Amino acid sequence: MISVVIPTEGVEQPVVATLAALVPGAAAGIIQRVVLVDRPGSDTIERVADVAGCDFLRFEGSRAAALAKGAEQSRSPWLLFLRPGAVLESSWIDETTQFMERMSASGQRRAGIFRYARSPYEEATVRDGVRLLARLISGPSADQGLLISRDHYERIGGYAPQVRRAEAKLISKLGRTGRAMLRTRIFVAA
């Protein structure tokens, strides 16, 4: 049902944390494939992909180019884009399934974005307050994940590798009516 695309930065720990949160979804059969996209130069992520049973794609270019290439490699009807270190709350499986079923049955073209949450183990700083205010003003950001049907992703043009801030531009292309804020929280490493 879902292909998950994670553009890694060659650092193992955040990728492993994200993959661990996806294990229940794979066990439930909702995740069909996970694609880890990494830049050349390190074999660390390739080993992680091998151990975790993920597909590995080595790619040179911007993060947007890596996301586009990962989406191109996957064939599932739904795509989930996550950043390394992003950990989904356990309720993500039920809510994601319901969202996909509702969108497929109604024919609506909407993407789902997870609700941002700061890790409860980090100390709150003034910087966190500023980030929260920025999120309230500008809307969701790419680090909150994006769940979108492949058809809708392709219809709006996907990630444009040559465009600066391509992730933010894709979210803005969706517009307020083209995206739904899911109740499931996503804990994002700062």
Hey, does the range 62-79 have a residue that's of a type outside the set (Lys, Arg) and at positive phi?
no
Filter the range 107-122 down to the residues that are out of contact with any Gly (no Cβ under 6 Å at 6 or more places or on another chain) and in a strand (DSSP E or B), then identify the one that is modelled with the lowest pLDDT.
Arg118
Conditions (1) modelled with pLDDT of 90 or more; (2) surrounded by 12 or more Cβ atoms within 10 Å (Cβ to Cβ) -> Ala142 fails only (1)
Counting only residues in the range 82-106 that are part of a loop (DSSP other than H, G, I, E, B) and hydroxyl-bearing (Ser, Thr, Tyr), the one surrounded by the most Cβ atoms within 10 Å (Cβ to Cβ) is identified as Ser91
Can you work out which of the residues in the range 40-81 that are in a loop (DSSP other than H, G, I, E, B) and touching an Asp or Glu at 6+ places or on another chain (Cβ under 9 Å) is surrounded by the most Cβ atoms within 10 Å (Cβ to Cβ)?
Ser74
Being buried (at least 17 other Cβ atoms within 10 Å of the Cβ) and farther than 18 Å from Leu67 by Cα is the filter here; which residues of the range 23-39 pass it?
Gly25, Ala26, Ile30
Among the residues of the range 8-17, is any surrounded by 21 or more Cβ atoms within 10 Å (Cβ to Cβ), part of a loop (DSSP other than H, G, I, E, B) and β-branched (Val, Ile, Thr)?
yes
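The values are calculated or read from the model by the stated rules, or taken from the named source; none is laboratory data. Here the structure is a predicted model, which means the values were calculated and not measured. Virtual Cβ from ideal backbone geometry, glycine too; neighbours counted across all protein chains shown.
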